[in-house]
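Heads up, the thing below is written out as structure tokens.
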Amino acid sequence: MSIIDNVINTVTKEVNKVQSRAQDGIQAFNLANQIKELERKKHAKLAEVGRLVFDKHQSNKDVSDDLLKERCSEISAVDHEISVLQSELDQIKVNHDPDATPAQKAEAKAGYSASPGFPCESCGATANRARAFCQACG
């Protein structure tokens, strides 16, 4: 019976791995779609800001700076959403990347994510704004 138990345990483990990868694949697909949708939203808002600036300067329409600042804040918020979703997507990809280093996999498992546009002052690697130390150079 121990041989049968070993086979059942091995098959169960492999089925669980396949299920986990399938779930991660579905989650990655959904995240990528959410990012694409947010990118479309961002481009539409950028086009709107461009139209407002054009109307203000070329057509001499009254466009308040407060309105432009509000639209820019909306674009920044969308950018932030994109970076958060991209970090989640990158974590999923690292977990299934055969070329990822053990340190990268450990960072992804621990929930570490770099802050886009925030380089380390010492080494220049992309760092996390909320962390006191850079993951690359310490």
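The Cβ shell under 11 Å around Gln86 holds other residues with a net charge of -4, Lys and Arg each +1, Asp and Glu each -1.
Under a Cβ-Cβ cut-off of 13 Å, what is the net charge of the residues other than Phe54 that fall near it, where Lys and Arg count +1 and Asp and Glu count -1? Net charge around Phe54: +1.
Quick check: the distance between the Cα centres of segment 40-56 and segment 1-38, to the nearest angstrom? Here the answer is 42 Å between Cα centres.
Summarising the amide proton neighbourhood of Thr126: residues at separation of 5 or more, or on other chains, whose placed amide H is nearer than 5 Å comprise Cys120. Does segment 2-96 classify as rounded, prolate or oblate by the C-alpha gyration tensor (a ≥ b ≥ c root eigenvalues; a/c under 1.5 gives rounded; else a/b over b/c gives prolate, otherwise oblate)? Taking the square roots of the gyration eigenvalues as a ≥ b ≥ c, segment 2-96 is prolate.
Each value in this text was obtained by applying a stated rule to the coordinates, not by laboratory testing. Treat the numbers as computed from the prediction; the structure is a model and nothing was measured. Every residue, glycine as well, gets a Cβ built from its backbone with ideal geometry; the counts of neighbours run over all protein chains shown.
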